[in-house]
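Worksheet: one structure, shown below.
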């Protein structure tokens, strides 16, 4: 064993199990120093809700490393400067990391790798966060996939790039002494005044152990209802693995293999497993789009949408953010987001459609809000999904597909239980009227204790008129 250590630079891979960079570091036989850099200088630094999750995820990883006799070294600042400084400080002979896919982040990594290699340091990078690298799956013409269905077919045929997961280490070689580490609490990642995240810990368990438990519970108890029930926000039929994936507390390959194992054993149906894995593949597809379109978070992929006549409506935006639009399914979704840091996927589409096509506000307003408030905020997923709803992205929903918030509520929350949970002002409303309380007779409103405009807002706009306005805007850019 050499005395010169190997650094493992952790980013979106806060786990010990199936971590290719960590596995490679251990294979050198050198002492291993796991490092996390809190770099707020990069594009798309973590939003507020992500910072809450990050705090707890780092704390969990630190405890896991402590149990192996190792230590997580924390530093705050510009990674492009801190990584070379750490290499020099520790006299590291190697550095390993799992790759990132936004072009701005790639350029940082490429420059670092080149400079470190010039200094005689062995630098190796790996795919630890996707099923397939964005450059691996190509269309018949040699380009990248812009439509999900053929991408998914190609991915299923190709299968994940790595055949097996890397084993979770039982021991990690440690140096005689670790470099100085910041104290996590000094980073002030948790909200205090006010503590708007109060209650998050009752819902979420950040960290690798929580991710594993979430996957196990989903595959054992929920997945057979997933295909037919995943659009029901009033039911617990989703995996809620998205924040764990976002922070790399579990690898997509681990999920892929665990699901296929259940399918092979006959514990879950092929159709249920396939549907779940297709949603996992959507994440890969989003990163495929991000890698090949560096301005995906900022600019529409369909250029004509750069000229769309978006409105400015601060009052409408604030009503949407606070869940006070007067449309119960929209308000329930936005309040679920604020209360839990997460929103059901079907409702994400409904609230996004309302912001873009009813309020006629730029999709980036929603993208920015989600980035700050979602615990599962993921750069590729967030950008690709907002562009999908806006009709300006790859494989996008047609712009004229405008969700009616009333009929969407009636279809996917038929008993009104989702609305009642997050909009308690309407908890006594009968299901028949809960998604359009302004249409309810006065005696029904009185019995439910609802005073429109006082206890619960009147609709801030007329959906039919807003739909007409949105389509008129689309007609203009088509011409």
Given 324-330, 63-69, the highest-first ranking by average Cβ count within 10 Å works out to 324-330, 63-69
In nm, spacing of pseudo-spin labels at residue 156 and residue 275 (7 Å Cα→C-beta vector)
1.4
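Stretched out fully, how many nm does the piece from residue 88 to residue 465 gain, at 0.36 nm a residue minus the Cα gap?
Using 0.36 nm per residue and subtracting the Cα-Cα distance, I get 129.3 nm.
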Helix-only CD estimate at 222 nm, as mean residue ellipticity for the chain, using -39500 (n - 2.57) per DSSP H run (n ≥ 4)
-14000 deg cm²/dmol
Compute and list, largest first, the equivalent-ellipsoid semi-axes of the range 303-478 from the alpha carbon gyration tensor, each √(5λ) rounded to a whole angstrom.
28, 18, 13
Which order results if 247, 200, 96, 412 are arranged by neighbouring Cβ count within 10 Å, fewest first?
412, 200, 96, 247
Ascending count of other beta-carbon atoms within 10 Å, so fewest first, for 351, 406, 73, 423:
406, 73, 423, 351
As an exercise, use a Förster radius of 56 Å and the Cβ-Cβ distance of residue 4 and residue 315 to find the FRET efficiency, rounded to the nearest 0.05.
0.40
What does the extension gain come out to for residue 216 and residue 198, with contour length at 0.36 nm per residue minus their alpha carbon separation?
3.8 nm
Sort 478, 432 so that the residue with the fewest other Cβ atoms within 10 Å of its own Cβ comes first and the one with the most comes last.
478, 432
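With r defined as the distance between the Cβ atoms of residue 451 and residue 228 and R0 fixed at 35 Å, what FRET efficiency is calculated, to the nearest 0.05?
Details: r = 38 Å, r/R0 = 1.09.
Given R0 = 35 Å and the Cβ-Cβ separation, E is 0.40.
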Please give the contour-minus-distance gain from residue 138 to residue 117: 0.36 nm per residue of separation, less the Cα-Cα distance, rounded to one decimal in nm.
4.5 nm
Using only the Cα atoms of the range 226-369, what do you get for the radius of gyration and for Dmax, in Å?
17.8, 55
Distribution output for the range 1-112: share of Cα-Cα pairs per 10 Å bin in percent, first bin at 0, values 13, 47, 35, 5, 0
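Only the coordinates and a few stated rules stand behind these numbers; no lab work does. Treat the numbers as computed from the prediction; the structure is a model and nothing was measured. So basically every Cβ, Gly included, is an ideal-geometry build from the backbone, and we count neighbours across all protein chains shown.
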